[in-house]
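Visitor: Below are the structure tokens for one structure; questions will follow.
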Amino acid sequence: MAEEFDVVVVGGGIVGLSTAYALTLARPGVRVAVVEKEQGFAAHQTGRNSGVIHSGVYYRPGSLKARYATEGAEEMVEFCREHGVPYEVTGKLIVATGRDELDRLQALARRGRENGIPVAELGAAQIAEYEPEVTGLAGLHIGTTGICDYPAVARTYAVLAEQAGAQLLTGTEVTGIDRRADGVTVLAGGRELRCGVLVNCAGLQSDRVARLAGDEPGVRIIPFRGEYYELTEERRGLVRGLIYPVPDPAFPFLGVHLTRGVHGDVHVGPNAVPALAREGYDWRTVRARDLAETVAFPGTWQIARRHWRYEIGELHRSLSKRAFTTAVQRLLPAVTAADLVPATAGVRAQSVARDGTLLDDFAFAGFDPDDASSPRRTVHVLNAPSPAATASLPIGREVARRALAALAAGA
């Protein structure tokens with residue numbers, strides 16, 4: 001027997017749950033269901049990251065990432081404080097270890113200030129005031145960066161949404177979507193869910209869900225695995241807070257960095273290597289369908305052509321602990337291979353266009369309240385990698401705004 005809802009949200013990560021929470025706040029009494037194929041929430045990107053509340057210093061001024069990260073970081077701290085979620089505003093260092101990085105460091109400082117973020121520029125001697133074991137030629141200190149427990153944040157969103165009437169359905173995988181003029185029918189876990197609007201927050205599966213709903217997203221999710229180590233317990237004292245290298249602007253990853261978590265552990269990494277499955281958290285996990293789609297997609301080969309030197313370095317560090325240790329020692333000379341033990345890996349859902357362009361900003365598709373020609377009945381979150389957890393409250397509001405507008409337009 002069909003179950004009736006106003007909005008069905010596919011995906012129980014932090015973005016899907018923040019959307020459900022935002023929907024219940026924006027329209028009390030709205031009928032919302034969240035469907036998640038895993039047995040619990042936050043099983044993938046949300047539960048497999050280093051827990052950083054990003055300040056927004058890296059992102060292009062005026063972009064959604066810049067706006068939502070700076071806004072979201074402040075909101076996330078307040079949300080954690082209000083709801084008793086572990087967090088700490090630690091600040092972080094970005095350190096230049098080579099002269100070729102100094103101009104990029106200066107550009108990063110300017111970008112941060114354009115985004116309204118307080119940035120302190122440090123000389124070599126000043127770095128030690130924050131991190132005595134770190135060496136570098138110059139650095140930036142970003143005081144608004146923090147850390148929190150994102151799985152706990154996601155669970156809190158879920159509790160708040162459920163208390164407001166949302167239905168949360170885990171172990172419920174979407175197998176079919178039928179979009180009609182008068183609504184959408186979602187087949188999931190043997191249930192038939194009818195709704196006015198479908199919201200796709202499926203992360204690593206978001207392009208597939210979009211196509212299942214009859215929309216061509218124009219991008220493909222290419223999975224990149226982030227491999228981490230962590231410092232042994234007796235060596236955690238080498239790091240006080242968060243330590244980052246100067247990122248390469250040509251690639252969307254931040255490089256190997258060190259992050260002290262809210263529970264005292266210190267993550268080191270990640271590498272960014274191609275995953276052999278969309279949920280492939282190690283080299284042994286291979287899924288033929290995922291791999292075949294990645295290999296057949298033209299954008300994959302364009303990425304390889306443009307970034308092969310970078311990826312060779314990432315693969316080398318993945319396969320050689322010695323090479324990984326050497327990369328860490330540029331920032332933290334005292335660390336040794338014996339100080340590093342393997343930690344949980346994650347997979348980034350990176351949206352890539354057919355020409356190999358890696359989508360840099362958050363990207364939405366489907367119904368757009370500002371475009372009368374946009375398709376109705378669906379809203380898709382097509383690109384929401386880091387800093388989506390930091391920005392989850394403003395992202396959730398934006399997706400909820402689109403979903404409620406789509407609901408009104410389809411009534």
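The values are calculated or read from the model by the stated rules, or taken from the named source; none is laboratory data. Only a predicted model underlies this, so the values are computations on that prediction, with no experimental measurement involved. Cβ sites come from the backbone with ideal geometry, for glycine too, and all protein chains shown count toward neighbours.
Visitor: Of 66, 42, which residue is buried (at least 24 other Cβ atoms within 10 Å of the Cβ), of a type in the set (A, V, I, L, M) and either assigned by TED's automatic domain parsing to the domain that holds residue 18 or out of contact with any Gly (no Cβ under 6 Å at 6 or more places or on another chain) (or both)?
Guide: 42
Visitor: For segment 52-66, does any single residue satisfy the condition of being among the aliphatic types (A, V, I, L, M) and touching a His at 6+ places or on another chain (Cβ under 6 Å)?
Guide: no
Residues checked against (1) of a type in the set (A, V, I, L, M, F, W, C); (2) part of a helix (DSSP H, G or I); (3) surrounded by 21 or more Cβ atoms within 10 Å (Cβ to Cβ); (4) in contact with a Ser or Thr (Cβ under 8 Å, 6 or more places away or on another chain):
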{"site": "159", "(1), (2), (3), (4)": "yes, yes, no, no"}
{"site": "162", "(1), (2), (3), (4)": "no, yes, no, no"}
{"site": "171", "(1), (2), (3), (4)": "no, no, no, no"}
{"site": "187", "(1), (2), (3), (4)": "yes, no, no, yes"}
{"site": "192", "(1), (2), (3), (4)": "no, no, no, yes"}
{"site": "196", "(1), (2), (3), (4)": "no, no, yes, no"}
{"site": "199", "(1), (2), (3), (4)": "yes, no, yes, yes"}
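Visitor: So, one more: Residue by residue through segment 291-334, note down the ones that are charged (D, E, K, R), assigned to a helix (DSSP H, G or I), in contact (Cβ under 8 Å) with a residue 12 or more places away in the chain and out of contact with any Lys or Arg (no Cβ under 8 Å at 6 or more places or on another chain).
Guide: The answer is 305, 306, 311, 314, 317, 321, 322.
Visitor: Which number in (1) of a type in the set (Ser, Thr, Tyr); (2) touching a Gly at 6+ places or on another chain (Cβ under 8 Å); (3) over 23 Å from residue 48 (Cβ atoms) marks the one condition that residue 326 misses?
Guide: If we test residue 326 against (1) of a type in the set (Ser, Thr, Tyr); (2) touching a Gly at 6+ places or on another chain (Cβ under 8 Å); (3) over 23 Å from residue 48 (Cβ atoms), just (2) comes out false.
Visitor: Next question. Which of the numbered conditions does residue 60 fail, given that it passes all the others? Conditions: (1) closer than 21 Å to residue 383 by Cβ; (2) surrounded by 19 or more Cβ atoms within 10 Å (Cβ to Cβ).
Guide: The failed condition is (2).
Visitor: Please enumerate the residues belonging to segment 360-397 that are over 23 Å from residue 87 (Cβ atoms), out of contact with any Leu (no Cβ under 7 Å at 6 or more places or on another chain) and not in a strand (DSSP E or B).
Guide: Once the filter is applied, which keeps residues that are over 23 Å from residue 87 (Cβ atoms), out of contact with any Leu (no Cβ under 7 Å at 6 or more places or on another chain) and not in a strand (DSSP E or B), segment 360-397 yields 360, 367, 369, 370, 372, 373, 374, 375, 376.
Visitor: Residue 131 is checked against (1) over 19 Å from residue 258 (Cβ atoms); (2) among the charged types (D, E, K, R); (3) in contact with a strand residue (DSSP E or B) (Cβ under 9 Å, 6 or more places away or on another chain) and fails just one. What number does that condition carry?
Guide: (1)
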